Amino acid sequence: MKHHQNDKVKRPAFRLVLAFLLTACLPLGADAQQRWWGYYADGTDPSYMGTQSAETYTCGAQFSSTRTVLRGAAVHAVRFFLRDKTNVSDVKVWLSTTQPATAEAANIMVVDVPQEQLADLDHDQRMVEVTLPDTYSFGEGSVYVGYSFKMGSAKTGADKQPVVCAGKGNGGSGSFWIRTTKTLLSWNDMGTRYGALALQLLVSNPSLKANAVEVGTLERMVGVAGSDMTTEVELTSAGLSEVRSIDYKVVVGAQQYPEQHYDLPAAVWTPGSSTTMPVSFKMPVATGLSSYSVEVTKVNGSANEAAQTVSSGPYVAVDRLARRRSVVEEYTGTWCVNCPRGIVGMSNLQQQFPDDFIGIAVHTNDPMALSAYEPLQSSGVPRCQIDRALWCDPYMGLQADSHYHLDDAFRLMLNRPSEADLQLEAVWTDESQTQLQLTARPTFHFDSTISDSYALSFIITADGLTGSTKEWWQANAESGSNAFPDSDMDRFRNAPDPVKDIAYNHVPVAVQGLVSGLSGSIVQPIVSGVSQAFSTTFDLSRNGLIQDKSQLAAVVLLLDKATGQVVNAAKTHVGTGAGIRSVGSEAPQPDRWLTPDGRRVDSPQRPGIYIKGHKKIIVK
């Protein structure tokens, strides 16, 4: 049933609560089962987001009943933050099973917040709390919960960035959705860029147990056989008691480790809150592909009562580590006023990491949009994904302070170990240069008979694309702005809006096996040190995106089919000359020091095993 409250009917209980942002989620009222719950973590510094214009904002977050705290829960109230309510009007709270075009279109519930009850307060970070007229009970699937408001001015900083988030890009997908009436005309997923929306639900759940902790998805691990490995495991409270300690078991392949005890540095006690725990183990001495698991057996000395107590992830034990290159897929559009920062971010990476960076600028709803890339389209732009494993802002990276940090996020992914080297060759097979043959040569550094674990994906990109019509003009919110103050943004700060004379680089113009790779591109068995070869041909005779064949490049991605992540990549310039052009990742780097788990170090910091130039070195 849909409710829409107005001044002629009984208003819901409503109050303005003075609070610091991200204070602890405390029980409310006489019912000890009632708790405030949201995506953002307690104690996280706030960040702010806005379009810098006067328009109507609709914000929300996606809540799934797959989360223990929400499974079978009832929602009694919603609370959220607005920075300054002086110029805010028409505030509403809404619940919907789908993302509504406006708050009024929500199909579960819409609640008006009367304007006269929005006090004109002087301080930032005031919390608006709205009791729902009817309790909502979670069933199967997801529910979107949010609020909307009309911003009548764009004069102050609070007016320009009125939405309060928690964290700096670590909220996760679905934790912050936004659309506006003038600037963001469709829903955009901003959680990985700005952090989770500062919104909480007052929930009650009689099924919650006292001592319960769930284990998050385990990271994919690659390391030299027999080496010591460490990973961070996410733990989420799924019970009513504060979590002070846990006991856990680790299984790596066929090796089961004794039960271990871990005291948390700081107690986690509100349901849904998470922390991380370091887990160490030794990589098996035999190379190969298998899995490891972590099981939380006890919470505070008592049996773990969570529904999901164990999680598993893949590992690869190798005889040596490969040279890695990382791929950044940047999602952009000429119509996107904020996308110039992504152009700058990609250009910066190209200059900083000329041998390790592979860029792919995926356009949407403009002349360079490639329909074959639609299965991987981002929920919002500007946005990027590194090695199909880490989402972040294409300029600020994992931060949200208006400065360039994309290189930190890129370096984080580049330093991950890889189990296979990769070479790529490109050659035109006809005189008219319409048939482009690509040959990939992966070399794995482990033995395996497990079938269908890897596959190759091929992409053709073009640099220097231009156009004279307005669809090619780059919208530019940075024109005359100091929103991003670093000098690398001068290119667009000193340019008009829109920018008409611009050439676009890294644009995909053709793909094969984009999501899951090409069938049969990796053959079994995998034998350590033995190169494979796979060729495929692109027919570019009718490709309307290509403008200059001398500006083409070929890219190959080695995909882990279980996770969808990019294990390694290679890129080569195609050009228009005859013969084969190739680039690979097998050349040793004699001056590079690596730890056994693949982390790069300037020099050995302590005794132990290190990798240098693909050789194992023992430092005493």
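Taken over the range 347-370, the criterion of being within 19 Å of the chain's Cα centre (by Cα) and without any contact (Cβ under 8 Å) to a residue 40 or more places away in the chain is satisfied by Thr364 alone. When the range 300-346 is limited to residues that are among the hydroxyl-bearing types (Ser, Thr, Tyr) and surrounded by fewer than 22 Cβ atoms within 10 Å (Cβ to Cβ), the one that is farthest from Ala400 (Cα to Cα) turns out to be Ser302. Of the residues that sit in the range 403-416 and are open to solvent by 30 Å² or more (accessible area, probe 1.4 Å) and not hydrophobic (A, V, I, L, M, F, W, C), which one is modelled with the lowest pLDDT? Per the stated criteria, the residue is His403.
Mind checking whether some residue in the range 57-67 is of a type outside the set (A, V, I, L, M), free of Cβ contacts under 8 Å to residues at least 24 places away in the same chain and over 23 Å from Asp159 (Cα atoms)?
Pass one, the range 57-67, residues of a type outside the set (A, V, I, L, M): 57-60, 62-67.
Cutting the leftovers down to free of Cβ contacts under 8 Å to residues at least 24 places away in the same chain gives us 66.
Applying the additional criterion that residues be over 23 Å from Asp159 (Cα atoms) yields 66.
Yes, because at least one residue in the range 57-67 is of a type outside the set (A, V, I, L, M), free of Cβ contacts under 8 Å to residues at least 24 places away in the same chain and over 23 Å from Asp159 (Cα atoms).
I need a count of the residues in the range 453-466 that are in a loop (DSSP other than H, G, I, E, B) and more than 24 Å from the chain's Cα centre (by Cα). Total satisfying the criteria: 3. Among the numbered conditions (1) assigned to a loop (DSSP other than H, G, I, E, B); (2) of a type in the set (Val, Ile, Thr); (3) modelled with pLDDT of 95 or more, the only one that Ile450 does not meet is (3). Of all residues in the range 282-294, those being under 27 Å from the mean Cα position of the chain (by Cα) and crowded, with 18+ Cβ neighbours inside 10 Å number 3. With respect to the conditions (1) at pLDDT below 95; (2) farther than 27 Å from Ser550 by Cβ, Glu431 falls short on a single one, namely (2).
Looking across the range 351-402, the residues that are open to solvent by less than 50 Å² (accessible area, probe 1.4 Å) and of a type in the set (Asp, Glu) come down to Asp356, Asp366, Asp387, Asp393.
If I filter the range 454-487 down to residues being of a type outside the set (A, V, I, L, M, F, W, C) and surrounded by 18 or more Cβ atoms within 10 Å (Cβ to Cβ), which single residue comes out as nearest to Ser418 (Cα to Cα)? Let's see the steps before the verdict.
Just the residues of the range 454-487 that are of a type outside the set (A, V, I, L, M, F, W, C), to begin with: 454, 457, 461, 463-464, 466-471, 474, 476, 478-482, 485-487.
Cutting the leftovers down to surrounded by 18 or more Cβ atoms within 10 Å (Cβ to Cβ) gives us 454, 457, 461, 463, 474, 476, 478.
Values: Tyr454: 13, Ser457: 17, Thr461: 24, Asp463: 28, Gln474: 37, Asn476: 38, Glu478: 38 Å.
Ranking the qualifying residues of the range 454-487, first place goes to Tyr454.
From the residues in the range 173-206 that are aromatic (Phe, Trp, Tyr) and buried (at least 24 other Cβ atoms within 10 Å of the Cβ), which one is modelled with the highest pLDDT? The selected residue is Phe176.
So which residues in the range 72-88 are surrounded by fewer than 17 Cβ atoms within 10 Å (Cβ to Cβ) and in contact with a Phe, Trp or Tyr (Cβ under 7 Å, 6 or more places away or on another chain)?
Going residue by residue through the range 72-88, those that are surrounded by fewer than 17 Cβ atoms within 10 Å (Cβ to Cβ) are 72, 86.
Passing the criteria: only Gly72.
Filtered by the rule that a residue be assigned to a strand (DSSP E or B), within 24 Å of the chain's Cα centre (by Cα) and surrounded by 13 or more Cβ atoms within 10 Å (Cβ to Cβ), the range 259-281 gives Ser274, Thr275, Met277, Val279.
Residues that are under 31 Å from the mean Cα position of the chain (by Cα), closer than 17 Å to Ile386 by Cα and open to solvent by 30 Å² or more (accessible area, probe 1.4 Å) occur at least once in the range 514-526.
Scanning the range 467-507 for residues that are within 25 Å of the chain's Cα centre (by Cα), among the acidic types (Asp, Glu) and in a helix (DSSP H, G or I) gives a single hit, Asp488.
Listed residues Ser531, Ser582, Ser541; which is farther than 30 Å from Phe281 by Cβ, modelled with pLDDT under 95 and open to solvent by 60 Å² or more (accessible area, probe 1.4 Å)? Spell out how you get there, then give the answer.
Numbers: Ser531 fails: modelled with pLDDT under 95; Ser541 fails: modelled with pLDDT under 95.
Criteria check complete, one pass: Ser582.
The values are calculated or read from the model by the stated rules, or taken from the named source; none is laboratory data. None of the values given here were measured: they were computed from a predicted structure. Note: ideal-geometry Cβ built from the backbone for every residue, glycine included; neighbour counts use all protein chains shown. For accessibility, only protein heavy atoms count, side chains too; no ligands or nucleic acids. Shrake-Rupley method; radii C 1.70, N 1.55, O 1.52, S 1.80 Å.
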